[in-house]
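Below is one structure; the comments refer to it alone.
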């Protein structure tokens with residue numbers, strides 16, 4: 001029995017498929033299938049029920065998963081102790097969107113400062129496009145990037161948090177008459193577009209669902225857009241985290257269609273293996289740190 005087999009089991013259980021687990025772990029589906037077959041043979045039970053909809057843990061698999069997660073947490077704690085004893089130091093630069101740098105990273109940096117006092121973490125939250133994050137990583141300007149999926153295939157990545165795209169409208173606008181807003185209710189206001197690839201992709205999906213407005217203007221700064229909406233100059237479709245906390249003169253409404261913004265933590269494969277980078281990634285992926293933020297307490301971010 002190997003820890004790598006347990007990591008694969010947890011990854012498949014969390015993502016519901018071998019393909020998604022392979023993408024997270026940076027290996028092939030066949031390797032995961034072979035490793036889990038060996039693990040099932042070692043334990044003498046079936047751990048996963050495989051079907052067209054994906055893979056789900058069996059009853060025995062659920063019991064094994066609980067112990068597997070405990071063992072992996074022990075592995076992480078051993079690494080942290082080892083890194084502390086080694087005096088982990090150096091600099092890790094993180095390239096990310098403004099909303100990530102504002103609402104999530106302060107808690108992570110605080111935890112890292114306590115665990116690794118000699119480790120310096122710098123934040124570049126000026127990235128407005130996922131391509132900006134990719135360019136920073138490939139150009140050596142950052143060791144870690146946090147951006148919306150999909151990212152370049154040459155990067156090693158692991159899933160991170162997600163939020164939803166929402167309608168941002170003036171607070172003075174009459175509340176929707178039904179259980180969810182309809183596009184025609186907003187037709188009298190000009191639409192203000194957000195200039196980024198992720199927003200463009202969501203806008204295309206909204207058009208396919210009946211949204212017909214063209215942007216009267218397009219801005220790259222979500223804070224400026226929210227300020228204009230608050231003045232009654234229009235409405236917009238923005239990521240929920242980018243519009244948090246909303247000003248009192250702005251109202252947040254759900255889109256008529258589900259529209260999620262999924263983030264990933266990424267790095268060049270060789271860089272991802274550096275001890276100082278792995279320590280930062282582990283801290284980023286600690287759910288208790290994300291849950292302690294205002295955005296986490298407000299329930300506007302989620303974790304698959």
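The values are calculated or read from the model by the stated rules, or taken from the named source; none is laboratory data. Nothing here was measured: the structure is a model prediction, and the numbers come from that model. Ideal geometry is used to build each Cβ from the backbone, glycine not excepted, and the neighbour counts take in all protein chains shown.
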Among the candidates 222, 304, residue that is buried (at least 19 other Cβ atoms within 10 Å of the Cβ) and at pLDDT below 90: 222
Qualifying residues in region 167-193 (those that are modelled with pLDDT of 90 or more and either in the same structural domain as residue 108 (by TED's automatic domain parsing) or over 30 Å from residue 105 (Cα atoms) (or both)) - the one surrounded by the most Cβ atoms within 10 Å (Cβ to Cβ): 191
Odd one out for residue 7 among (1) under 23 Å from the mean Cα position of the chain (by Cα); (2) outside any helix (DSSP H, G or I); (3) at pLDDT 90 or above: (2)
Out of 122, 143, sole residue that is buried (at least 22 other Cβ atoms within 10 Å of the Cβ) and closer than 20 Å to residue 98 by Cα: 143
Selection count where residues are farther than 18 Å from residue 93 by Cα and outside any loop (DSSP other than H, G, I, E, B), scope region 149-162: 3
